[in-house]
Amino acid sequence: MLDGMDPRPVGMFDSGVGGLSVFREFRRLAPRERTVYFADTAYFPYGPRDPGEVRKRAFAIAHRLVEADAKLIVVACNTASAAAIADLRQLFDLPFVGMVPAVKPAAQASRSGRVAILATPGTFDGDLYSSVVEEFGKGAAIDRVVGHDLAELVERGEVDTPAAREAVRSALGRTVANGADVVVLGCTHYEFLAPAITAEFPGVSVLGTVEPVAKRACALLAELDLEAPSDAEGALDLIVSGNREAFLETLPRLGFAPRGAAEAQS
Ligand code: DGL
């Protein structure tokens, strides 16, 4: 296929609103692409679930996105990437982009030599995380911080409330007091808490993973001649496995277009 001739959509999924942080960055970099975003809210949260169960959901969603004619799938969720990315790549005949916490840049950026990785239990338990720490975490002390209830707050759109600030403070207070000067957001939901973390801990650098993932998706589209035509207009189609109304109501609280516009986009 010639460059810029593929009108099919990019598929993207997460347990809920978290992966929209990846979508936001992807749309900024590739505004002509159409995205079909699957929010698996009926199974939210993934973090504490058995990896086998998350893997089953990832397969079912990938099938659904293939049915929607996806040309590439972004697993916009660290927990699902940990549970399923290798198997997805084996089972499906299309390119996948997955995510893993940004351990390497964090170890490089830290001046104190102590970094905190904020993620779900499912992400910490996966081989993907251990292999990245093994390969890139050397030279830094790494504190694993499980973000209890943080994804739930974001799923309700509570990112700038006293409850969100308090949750961030109690999750990270100890590691920061122990000298951590870099916090890695190892869950796409937590991207929306970056301003609250910075406000609570102004001396700490907050590192996300959405930008490299969105860039990787763009690079793959270009490499594989899968880019949208130059006159295409980007769009977002939403598939929500749980309550669609509740999902749409949360979007403006996360900085997305108000309800009407979000629906018009979908
Ligand atoms: N957004 C997901 C991640 O990146 C997980 C949130 C959840 O627990 O469902 O890991």
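The values are calculated or read from the model by the stated rules, or taken from the named source; none is laboratory data. Values in this document were obtained by computation on a predicted structure and should not be read as measured data. Every residue, glycine as well, gets a Cβ built from its backbone with ideal geometry; the counts of neighbours run over all protein chains shown. Just the protein is used for accessible areas: all its heavy atoms, side chains included, with ligands, DNA and RNA removed. Shrake-Rupley method; radii C 1.70, N 1.55, O 1.52, S 1.80 Å.
Conditions first: (1) aromatic (Phe, Trp, Tyr); (2) farther than 17 Å from residue 172 by Cβ; (3) out of contact with any helix residue (DSSP H, G or I) (no Cβ under 7 Å at 6 or more places or on another chain). Residue 92 passes all but one, so which condition is the exception?
Unmet condition: (3).
For region 166-190, which residues satisfy the criterion of being in a helix (DSSP H, G or I) and open to solvent by 40 Å² or more (accessible area, probe 1.4 Å)?
Passing the criteria: 166, 169, 170, 174, 177.
Output yes when any residue across region 87-100 is within 15 Å of the ligand (Cβ to nearest atom) and open to solvent by 30 Å² or more (accessible area, probe 1.4 Å), and no when none is.
Yes, there is a match, as at least one residue in region 87-100 is within 15 Å of the ligand (Cβ to nearest atom) and open to solvent by 30 Å² or more (accessible area, probe 1.4 Å).
Check residue 41 against each of (1) crowded, with 24+ Cβ neighbours inside 10 Å; (2) within 14 Å of the ligand (Cβ to nearest atom); (3) of a type in the set (Val, Ile, Thr) and name the one condition it does not meet.
Unmet for residue 41, out of (1) crowded, with 24+ Cβ neighbours inside 10 Å; (2) within 14 Å of the ligand (Cβ to nearest atom); (3) of a type in the set (Val, Ile, Thr): (1).
Being in contact with a strand residue (DSSP E or B) (Cβ under 6 Å, 6 or more places away or on another chain) and modelled with pLDDT under 95, is that true of even one residue in region 92-102?
The answer is yes, given that some residue of region 92-102 is in contact with a strand residue (DSSP E or B) (Cβ under 6 Å, 6 or more places away or on another chain) and modelled with pLDDT under 95.
Suppose we keep only residues that are open to solvent by 30 Å² or more (accessible area, probe 1.4 Å) and under 20 Å from residue 203 (Cα atoms) within region 144-161. Which one would you say is modelled with the highest pLDDT?
The residue in question is 144.
When residues of region 131-165 are filtered for being over 13 Å from residue 191 (Cα atoms), in a loop (DSSP other than H, G, I, E, B), away from the ligand (no atom under 16 Å from the Cβ) and in contact (Cβ under 8 Å) with a residue 24 or more places away in the chain, how many remain?
Of the residues in region 131-165, 4 are over 13 Å from residue 191 (Cα atoms), in a loop (DSSP other than H, G, I, E, B), away from the ligand (no atom under 16 Å from the Cβ) and in contact (Cβ under 8 Å) with a residue 24 or more places away in the chain.
Among 76, 30, which is the only one that is open to solvent by 10 Å² or more (accessible area, probe 1.4 Å) and among the aliphatic types (A, V, I, L, M)?
Result: 30 is the single residue among 76, 30 that is open to solvent by 10 Å² or more (accessible area, probe 1.4 Å) and among the aliphatic types (A, V, I, L, M).
Restricting attention to region 226-244, report how many residues are open to solvent by 50 Å² or more (accessible area, probe 1.4 Å) and at pLDDT 95 or above.
3
Report, by residue number, each residue of region 168-191 that is in contact (Cβ under 8 Å) with a residue 40 or more places away in the chain and away from the ligand (no atom under 16 Å from the Cβ).
Listed by number, the residues that qualify are 172, 175, 176, 178, 179, 180, 181, 182.
Give me the residue from region 108-130 that is of a type in the set (S, T, N, Q) and farther than 15 Å from residue 75 by Cβ and, out of that set, farthest from the ligand (Cβ to nearest atom).
112
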